[in-house]
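Reviewing the structure listed below.
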Amino acid sequence: MIIAYDKNKDRIHIDDAKRGKKYYCQTCGEEVCIKRGNIKAHHFAHLSNSLCDGWHYDMSDWHRSWQDQFPSDNQEVVFEFNGKKHRADIFINNTIIEFQHSNIKKEEFEDRNNFYNSLGYNVIWIFDTIDSFMNDDIYKCSNEGDYLWNNSLFPLNQYNEKMVTVYLQEYNNIWKEIPNYKDISITNDELFDYAWLHHIDSIDVIVSQKFYSIGNKDLSDYEFINIFLPIKFMHDGIFDINQDMRKGTYNINDLSDELLTNKEYELGLNRFIWCPMINHFVNPCDECIGCSHVSEKNDRCKFRFEKILTEGFEKILNIKYSENGKVEYVDILKDKKRHTYNYEKVPDGIFTIKEAFKEKKNTEIIRLRNINTGWKVQITKYNYDMMLKNNKCYGKVQAPEIWNKHFSKNESEIFAFNKKEWVIIWRK
């Protein structure tokens with residue numbers, strides 16, 4: 001504990017406590033002593049092995065640093081309900097905030113939530129999972145926002161999501177690098193050291209230790225503090241609050257465009273893609289192989305990023321990809337400043353049949369796939385010319401079923417030929 005009573009029942013913070021004076025636990029009234037060592041955060045401790053209120057309280061430096069972001073009047077506030085007394089790490093704006101560095105048992109997690117919820121207060125938990133993310137104990141399973149958490153700090157069971165909110169912290173806090181961050185002006189370019197709080201949206205009811213976090217409720221640590229206390233740079237107009245400041249763990253290979261999406265690879269769906277080097281659509285399964293700008297696995301291209309890669313930087317802070325896996329912008333750390341590079345949108349390669357045929361001169365025959373139905377069509381130059389003349393399109397077709405490997409022998413009328421929903425899969 002960091003708050004205790006003196007003999008007059010005034011709340012005294014551990015930093016203001018003086019040796020030689022007596023202090024007492026707010027919860028049970030027992031005498032406590034001052035602990036100011038070099039290992040644990042400074043705190044008050046009971047003189048004997050007292051159970052006090054029966055809950056296990058965290059005394060890590062991480063825990064203490066979070067509490068210190070709030071006024072002392074909001075720290076370790078004691079509540080009583082049905083004859084039981086407990087102290088909350090933070091009570092502010094009718095909200096309980098609990099910081100958890102170590103493991104907590106299912107029963108205690110539920111007991112704390114039920115206790116405060118019964119008093120009508122919402123509970124927010126922030127777990128110290130910095131090492132869990134770093135060691136890949138928490139890892140993202142897919143782009144759908146599903147994560148697995150091995151060696152979790154609390155059992156991932158269902159809880160009342162209307163009354164209880166859980167965040168998992170990744171990266172160190174802003175106050176480790178900028179202790180006075182609340183009171184100064186900071187530009188976006190100057191801000192790159194801060195924690196990221198992953199919001200648990202829901203718990204998987206089937207797979208143990210699996211949770212979902214889409215990301216639209218995630219916050220940085222300074223954004224979280226700003227909900228309860230005004231942070232100067234968030235309101236002075238110098239900091240652009242609309243800029244995406246999220247950050248992740250990236251390596252140099254992530255600064256590249258996907259040739260095809262993961263779904264297309266999984267389903268074995270090929271299509272022509274835009275090549276920024278020759279400004280033309282190409283077949284990635286043929287024309288990209290052996291290109292010096294393409295990865296060894298022939299799945300990513302770094303041509304658009306040669307300049308930034310040549311100039312060098314200290315760290316990649318954030319990359320925003322389009323739905324097709326193409327980089328829209330990248331934030332990097334260089335010369336201790338955040339720099340944002342925006343990239344033009346890459347043509348998506350979705351055409352009408354007329355546009356697809358015209359994309360390359362002297363095309364004699366082309367095969368396309370409809371992105372909505374999965375049906376494939378084969379159009380010859382003759383079919384194309386007749387389509388222009390009669391405003392009807394005919395060609396050979398292939399059903400989307402996996403077992404269907406061949407185009408029809410006879411030609412059929414092709415509907416939706418004038419809709420922008422076709423991708424090129426082969427041409428001659």
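The values are calculated or read from the model by the stated rules, or taken from the named source; none is laboratory data. Predicted, not measured: the structure shown is a model, and the values here were computed from it. Every residue, glycine as well, gets a Cβ built from its backbone with ideal geometry; the counts of neighbours run over all protein chains shown.
General remarks:
- Residue match in region 330-348 (condition: charged (D, E, K, R), more than 26 Å from the chain's Cα centre (by Cα) and modelled with pLDDT under 95): no
- Flag for Asp221 being crowded, with 18+ Cβ neighbours inside 10 Å and under 23 Å from the mean Cα position of the chain (by Cα): yes
- The one condition in (1) out of contact with any Pro (no Cβ under 8 Å at 6 or more places or on another chain); (2) under 18 Å from Val166 (Cβ atoms) that Phe109 fails to fulfil: (1)
- From Val327, Val377, residue being buried (at least 19 other Cβ atoms within 10 Å of the Cβ), out of contact with any Phe, Trp or Tyr (no Cβ under 6 Å at 6 or more places or on another chain) and at pLDDT 95 or above: Val377
- Single residue of Thr352, Thr340 found to be within 18 Å of Arg246 (Cα to Cα) and either buried (at least 17 other Cβ atoms within 10 Å of the Cβ) or among the polar types (S, T, N, Q) (or both): Thr340
- Any hit, region 106-125, residues being at pLDDT 95 or above, outside the structural domain of Ile2 (by TED's automatic domain parsing) and in contact with a Leu (Cβ under 7 Å, 6 or more places away or on another chain): no
- Long-range neighbours under 6 Å by Cβ, at least six apart or interchain, first residue touching a residue at least 12 places away in the same chain (Cβ under 8 Å) within region 125-153, second assigned to a helix (DSSP H, G or I): Asp128/Trp62; Ile138/Ser132
- All conditions but one from (1) over 25 Å from Asn143 (Cβ atoms); (2) free of Cβ contacts under 8 Å to residues at least 60 places away in the same chain apply to His339; the one that does not is (2).
Quick grid of which residues meet (1) at pLDDT 95 or above; (2) in contact with a helix residue (DSSP H, G or I) (Cβ under 8 Å, 6 or more places away or on another chain); (3) under 30 Å from Lys263 (Cβ atoms):
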{"position": "Asn135", "(1), (2), (3)": "no, no, yes"}
{"position": "Gly145", "(1), (2), (3)": "no, no, yes"}
{"position": "Asn151", "(1), (2), (3)": "no, yes, no"}
{"position": "Tyr181", "(1), (2), (3)": "yes, yes, no"}
{"position": "Asn188", "(1), (2), (3)": "no, no, no"}
{"position": "Ser208", "(1), (2), (3)": "no, no, yes"}
{"position": "Asn216", "(1), (2), (3)": "no, no, yes"}
{"position": "Leu229", "(1), (2), (3)": "yes, yes, no"}
{"position": "Phe233", "(1), (2), (3)": "yes, yes, no"}
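- Among the candidates Leu317, Leu309, the residue that is touching a residue at least 40 places away in the same chain (Cβ under 8 Å), in contact with a Phe, Trp or Tyr (Cβ under 7 Å, 6 or more places away or on another chain) and farther than 23 Å from Phe281 by Cα is uniquely Leu317.
- With respect to the conditions (1) farther than 30 Å from Glu190 by Cα; (2) at pLDDT 95 or above; (3) in contact with a Phe, Trp or Tyr (Cβ under 9 Å, 6 or more places away or on another chain), Pro400 lacks only one, and its number is (2).
- Inclusion of Ile332 among residues that are aliphatic (A, V, I, L, M) and free of Cβ contacts under 8 Å to residues at least 60 places away in the same chain is warranted.
- Among the residues of region 240-276, the ones that are exposed (fewer than 13 other Cβ atoms within 10 Å of the Cβ) and either on the phi > 0 side of the Ramachandran plot or aliphatic (A, V, I, L, M) (or both) come to 4 in all.
- Restricting attention to region 1-48, the residues being surrounded by fewer than 19 Cβ atoms within 10 Å (Cβ to Cβ), among the polar types (S, T, N, Q) and under 42 Å from the mean Cα position of the chain (by Cα) number 1.
- The one condition in (1) in a loop (DSSP other than H, G, I, E, B); (2) in contact with a helix residue (DSSP H, G or I) (Cβ under 6 Å, 6 or more places away or on another chain); (3) not charged (D, E, K, R) that Cys291 fails to fulfil: (2)
- Figure legend. Inter-residue proximity from region 292-305: first residues small (Gly, Ala, Ser), second residues part of a loop (DSSP other than H, G, I, E, B), beta-carbon distance below 9 Å, spacing 6+ or different chains. Indicated pairs: Ser295/Ser256; Ser295/Leu259; Ser295/Lys302.
- Which listed residue, of Asn103, Asn74, Asn113, is surrounded by fewer than 16 Cβ atoms within 10 Å (Cβ to Cβ) and of a type outside the set (D, E, K, R): Asn103
- A single entry from Asn370, Asn404, Asn390 fulfils the requirement of being surrounded by 18 or more Cβ atoms within 10 Å (Cβ to Cβ) and on the phi < 0 side of the Ramachandran plot: Asn370.
- When region 288-324 is limited to residues that are of a type in the set (Val, Ile, Thr) and surrounded by fewer than 17 Cβ atoms within 10 Å (Cβ to Cβ), the one that is farthest from Glu258 (Cα to Cα) turns out to be Thr310.
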